[in-house]
Each structure stands twice: as structure tokens, then as C-alpha cells.
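What follows is calculated from the coordinates using simple rules that are stated; it is not laboratory data. None of the values given here were measured: they were computed from a predicted structure. Note that we place each Cβ from the backbone using ideal geometry, even for glycine, and neighbour counts take in every protein chain shown.
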Amino acid sequence: MLSPHRTLITASIAMAVLWTIGMLWWLPPTAPVGYMIQAAAGAIVGIVWYTGMRIWMACCPQDLTHSDLTSQ
């Protein structure tokens, strides 16, 4: 099982890749430099996602176990 930190890194990478693919599909660049700009923007999105989720997890810890979910 992955640690929460490793899971957050994996989710951030997935978010950056999916966002970049979505932006390339939605608004394809007209010049080759556009691909580099959108790739850089995707990396920034991944870093912002990672930082935001890390802050959110530190401020609002949620320790939900299976027994907590089934007792409701």
C-alpha cells in the first residue's frame, strides 16, 4: 500500500498529465512553442495541485476508516 505522501505525488502527476492532455485537445497550439508552454503550464498545475492538497490535508485531517463509513 502506498503512503499518503506517495499517493499525493501520484495524484499530482496524474492531474498535471490529464490537465495538459485536456488543454492540448481543447485548444491545440498553432506553433511548436505552444506545446512547450502548455507542458510548462501542466507542470505548474501539478505543483499547485500538490501544494494545495498538502495544505488541505494538513488543515483538515480526515481519518476515515471502513468502520467509520459503515456505522453511519
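Using a 7 Å offset from the Cα along the Cα-to-Cβ direction at both ARG54 and VAL17, what is the distance between the two label points in nm, to one decimal?
Going from the ARG54 label point to the VAL17 one covers 2.1 nm.
Please arrange SER12, SER3 by counting, for each residue, the other beta carbons lying within 10 Å of its beta carbon, fewest first.
SER3, SER12
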